[in-house]
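So the structure is just underneath, and the comments pick up after that.
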Amino acid sequence: MEWVVIVLAVGCLLFAAHAVAEYLRRRRALAPKIQRLEETRETLQAEVQASKNELDERRGKLPPLKEELHQLENESRELQQQLQQERARQKPGG
């Protein structure tokens, strides 16, 4: 009856050794893929940060550009009014 316990113990040890060996084999197989994924993640994070910085920079330039656009629109309206007045003044018979 002692031999049954010995066989079970040896079987459990072999099963545990097989499980550890399988884990190590898969870990070695997946290590390069994990490395590439981490590098890709870091690259994408750098691109996202660069895009955020560029967006912040463009948002900073937006208010002055809006103000300049508003001034140009006002100038355009004034010039249009002056043009209409000049045309009305130079109309023959008018």
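A quick yes/no check of all residues on (1) out of contact with any strand residue (DSSP E or B) (no Cβ under 6 Å at 6 or more places or on another chain); (2) modelled with pLDDT under 90; (3) assigned to a helix (DSSP H, G or I); (4) of a type in the set (Gly, Ala, Ser):
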{"residue": "GLY11", "(1), (2), (3), (4)": "yes, no, yes, yes"}
{"residue": "TYR23", "(1), (2), (3), (4)": "yes, no, yes, no"}
{"residue": "VAL48", "(1), (2), (3), (4)": "yes, no, yes, no"}
{"residue": "ARG59", "(1), (2), (3), (4)": "yes, yes, yes, no"}
{"residue": "GLU75", "(1), (2), (3), (4)": "yes, no, yes, no"}
{"residue": "GLN80", "(1), (2), (3), (4)": "yes, no, yes, no"}
{"residue": "ARG89", "(1), (2), (3), (4)": "yes, yes, yes, no"}
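Yes or no, residue by residue, for (1) among the hydroxyl-bearing types (Ser, Thr, Tyr); (2) more than 36 Å from the chain's Cα centre (by Cα):
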site: LEU44; (1), (2): no, no
site: SER51; (1), (2): yes, no
site: LEU55; (1), (2): no, no
site: ARG59; (1), (2): no, no
site: LEU62; (1), (2): no, no
site: GLN71; (1), (2): no, no
site: GLU78; (1), (2): no, yes
site: LEU83; (1), (2): no, yes
site: GLN90; (1), (2): no, yes
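The values are calculated or read from the model by the stated rules, or taken from the named source; none is laboratory data. Keep in mind that this is a model prediction, so the values were computed, not measured. Cβ: placed from backbone, ideal geometry, glycine included. Neighbour counts: every protein chain shown.
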